[in-house]
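Notes for the one structure printed next.
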Amino acid sequence: MSNFKNVQPLEDFNWEEFENGGSSLVSKEEQTASYDSTLNKVSEHQVVDGTVISLDKKEVIVNIGYKSDGVIAASEFRYNPDLKVGDVVEVYVENQEDKKGQLILSHKKARLSKSWDRVNAALDNKEIVQGYIKCRTKGGMIVDVFGIEAFLPGSQIDVHPIRDYDVFVGKTMEFKIVKINQEFRNVVVSHKALIEQELEAQRKEIISKLEKGQVLEGTVKNITNYGVFVDLGGVDGLIHITDLSWGRVSDPHEVVALDDKINVVILDFDEEKKRIALGLKQLTPHPWDALDANLQVGDHIKGKVVVIADYGAFVEVAPGVEGLIHVSEMSWSQHLRSAQEFLHVGDEVEAVILTLDRDERKMSLGIKQLKDDPWESIEAKYPVGSKHDAKVRNFTNFGIFVELEEGVDGLIHISDLSWTKKVKHPSEFTQVGAPIDVVVLDIDKENRRLSLGHKQLEDNPWDTYETLYTPGSVHTGKIAEKMERGSVIVLNEGGEGFATPKHLIKQDGSEAQVGEELEFKVIEFVKDTKRIILSHSRTFEAEREEEKKQVRKPRPAKKEDTASINNVAAAQSLGDFDALAALKAKMEKGE
């Protein structure tokens, strides 16, 4: 109680009035009227201005001149991080007095009541507005602008590509309203547009000072499969993939990384199109200038296959120095194949320098030169008459091309495939890739070609046929093939003969068919052309004539008849039996 010992009561205080519930000064009604006259008249659902009198992380206290102050959640002011005591803000009166006697206000609803008009006015006037980035969404961010949820595309956040959107959530930034859909009340904003406006003047100034050959420092802004974009301090330039390194680059990430600080040289620029071509490799000496001065044609050199095509392979012998191995220099073979059959990208190879032009920066290489040319000693390895194993490479209508070893090819003419079989096309005899035994018949060293034979591996059966198939001899054979001009007969002793249709008439008058096995008489044998002409009809016609001679009884002939017969016989061959028989019948009739 010691704290109140100096407190003195008012001398003129009317304690009696106080105890009776009254006042000696003014009436209760007068006091209420006097108090109310000092306060604003506030209606619910009305937008009024208020003054911030205090704020913390949770609440903002606003005085609107009412008998009590209003409380607003601090989250409604996230868009304005600079809010402070004394600021005038607009508020919406939700409730003059809740159950606790508290004035309930809303800043968000007050903003919303006029937000659409404000957004449209900001678009028309190109006004810069503040917005609070609430969260991420597909393709961009959601921004609170005047209480409206606007869309901020990811491409409109900054002039640089954004790799982490989350760092922007919760930030308050300035925006430019770029598009409004009145029907759906959609709003699109951009922060990039503001930056571009600021950079435009800066770009013009930078471009106006650019010169070819100028070296500048820049920051790697974006990496694509065709090159690298570099920020030169407000203006972008492109380093094409071919200008990143003197060597071949398959992926720009092999040379630079995002946000790297690099020096670049200006190769070219277009002031109107604002295109700037930059180079990185040009800042280092050309590798050809650093190539070993002692290298010369004939030297062996090692390298790595970096590019391959049908016509050859490019080998990097030093960073930025490449030589071409043409496919013709990969093998001694005359058959030019695809380079992919010999080499692959990434292969480490040794090669021989064939040509070297330092001025033109060109080099040709060969790998077949690492092996001896097989044609240098062809006569010793493949002498005429020698027998070898070969592999069928391909066919032509006139023969088969075979390979004895890599670089050594030969031709087997179709006539040298078989002594007896008539081969119409090589595919009837063998197939591509199949092995085949050959004999060297001739060497054409100048054209690098061997003449080969296959049938020469066996003795010529026509030497035997010559003594076996003599004209007039009879042999058994089977009709293998029938054609318009005649049929092919396979003889049991070997070889094939040919019979015309009239020589295929059997004794009963019918014609012999394919598959029938019959007796055939040799009419003609020609060794040079390998021709055997046969006849089945002659085998029984001769027997019939012999039988007629034995059955017929001869009659004595007159002297003049005998003379006539002798004259006819002299004029006709002894084998012309039909004509002789006709003459005889005529004479008998006359008799």
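For the stretch 218-318, which trypsin sites (Lys or Arg not before Pro) are both in a DSSP coil and crowded by at most 16 other Cβ atoms within 10 Å?
Arg248, Lys273, Lys274
Using the Karplus equation 6.51 cos²θ - 1.76 cosθ + 1.60 (θ = phi - 60°), what ³J(HN,Hα) coupling, rounded to whole Hz, does each residue of the stretch 76-93 give in order, writing x for Gly and Pro?
Taking θ as phi minus 60°, the curve returns 6, 10, 4, 5, 10, x, 8, 4, 9, 5, x, 5, 8, 10, 8, 9, 10, 7 Hz for the stretch 76-93.
Sum up the charges of everything whose Cβ sits under 10 Å from the Cβ of His388, counting Lys and Arg as +1 and Asp and Glu as -1, but leave His388 out.
On the way: positive: Lys381, Lys387; negative: Asp389, Glu405, Asp437.
My count for the surroundings of His388 gives -1.
Packing-wise, with mean Cβ within 10 Å as the measure, how do 437-449, 226-238 rank, highest first?
The peptides rank, most packed first, as 226-238, 437-449.
Round to a whole number: what % of the accessible area of the stretch 338-439 belongs to carbon and sulfur, probe 1.4 Å?
48
For the pair Glu196 and Ile505, how long in nm is the line joining their label points, each one 7 Å along Cα→Cβ?
Simple spin-label model gives 10.3 nm for this pair.
Just report the Cα centroid separation between the stretch 221-280 and the stretch 93-151, whole Å.
43
In nm, to one decimal, how far is the Glu446 label point from the Thr242 one, both placed 7 Å along Cα→Cβ?
If labels sit at Glu446 and Thr242, their model points lie 4.5 nm apart.
Using θ = phi - 60° and the Karplus relation 6.51 cos²θ - 1.76 cosθ + 1.60, list the HN-Hα couplings for the stretch 112-119 in order, rounded to whole Hz, with x at every Gly or Pro.
4, 5, 10, 5, 4, 5, 5, 4
What is the list of residues in the stretch 432-448 whose amide nitrogen lies under 11 Å from a point 7 angstrom out from the Cα of Ser386, following Cα to Cβ?
440
Compute the accessible area per residue over the stretch 404-506, keeping the other protein chains in place, probe 1.4 Å, unit Å². Before the final figure, lay out each step's value.
Numbers: 5410 Å² over 103 residues.
Heavy-atom SASA per residue in the stretch 404-506 reads 53 Å².
So who's got an amide H within less than 5 Å of the one on Arg248, skipping anything under 5 residues away but keeping other chains? H placed 1.01 Å off N, in plane.
Gly320
Once the Cβ-Cβ distance between His286 and Glu205 is put in as r, and R0 is 35 Å, what FRET efficiency do you end up with, to the nearest 0.05?
It comes out at approximately 0.55.
What whole number of Å gives the distance from the Cα centroid of the stretch 307-359 to the Cα centroid of the stretch 186-217?
Answer, in whole Å: 47.
In whole percent, what relative contact order does the stretch 203-303 give with Cα contacts below 8 Å and a gap of six or more residues?
Relative contact order, the stretch 203-303: 27 percent.
I need the peptides 373-382, 132-141 ranked by packing, meaning the mean over residues of other C-beta atoms within 10 angstrom, with the highest value on top.
132-141, 373-382
In nm, what is the difference between 0.36 nm times the number of residues separating Val514 and His425 and their Cα-Cα distance?
Extra length available between Val514 and His425 comes to 29.7 nm.
Test of understanding: what is the full-extension gain from Lys212 to Lys362, defined as 0.36 nm times their sequence separation minus their Cα-Cα distance? Could you put the intermediate results ahead of the total?
Details: separation 150, 0.36 × 150 = 54.00 nm, distance 2.75 nm.
Computed gain between Lys212 and Lys362 is 51.2 nm.
Of the accessible area of the stretch 210-331, with the probe set at 1.4 angstrom, what percent is carbon plus sulfur?
Carbon plus sulfur share of accessible area: 48 percent.
For Val85 paired with Leu112, estimate the spin-label separation in nm (one decimal), with each label point 7 Å from Cα along the Cα-to-Cβ line.
So the two model labels end up 3.1 nm from each other.
Between His413 and Val169, what is the FRET efficiency for a Förster distance of 56 Å, r being their Cβ-Cβ separation, to the nearest 0.05?
Efficiency for this residue pair is about 0.10.
Is the shape of the stretch 192-297 best called rounded, prolate or oblate, per the rule: a/c under 1.5 gives rounded, else a/b larger than b/c gives prolate, else oblate, with a ≥ b ≥ c the square roots of the Cα gyration tensor eigenvalues?
Working: a/c = 2.98, a/b = 1.95, b/c = 1.53.
In terms of gyration-tensor shape, prolate.
Carbon-plus-sulfur fraction of the accessible area of the stretch 98-197, 1.4 Å probe, in percent?
Accessible surface attributable to carbon and sulfur in the stretch 98-197 totals 48 percent.
Test of understanding: what is the full-extension gain from Asn294 to Asn95, defined as 0.36 nm times their sequence separation minus their Cα-Cα distance?
62.0 nm
Just the number please: accessible area per residue for the stretch 75-226, 1.4 Å probe, all protein chains included, in Å².
Accessible surface, normalised per residue, equals 57 Å².
When only Cα pairs under 8 Å and 6 or more residues apart are kept, what is the percent relative contact order across the stretch 453-503?
Relative CO of the stretch 453-503 lands at 22 percent.
Just to verify a number: FRET efficiency for Asp459 and Glu484, C-beta to C-beta distance, R0 = 22 Å, to 0.05?
0.05
Place the peptides 50-62, 527-539, 456-468 in order of packing, highest mean first, counting for every residue the other Cβ atoms within 10 Å and averaging per peptide.
Working: 50-62: 15.5, 527-539: 17.3, 456-468: 13.8.
By packing density, highest mean first, the sequence is 527-539, 50-62, 456-468.
The values are calculated or read from the model by the stated rules, or taken from the named source; none is laboratory data. Note that the structure is a prediction, hence the values are computed from the model and not measured. As a convention, Cβ positions derive from the backbone with ideal geometry for all residues, glycine included, and neighbour counts pool all protein chains shown. Keep in mind that these areas ignore ligands, DNA and RNA; they rest on the heavy atoms of the full protein, side chains included. Shrake-Rupley method; radii C 1.70, N 1.55, O 1.52, S 1.80 Å.
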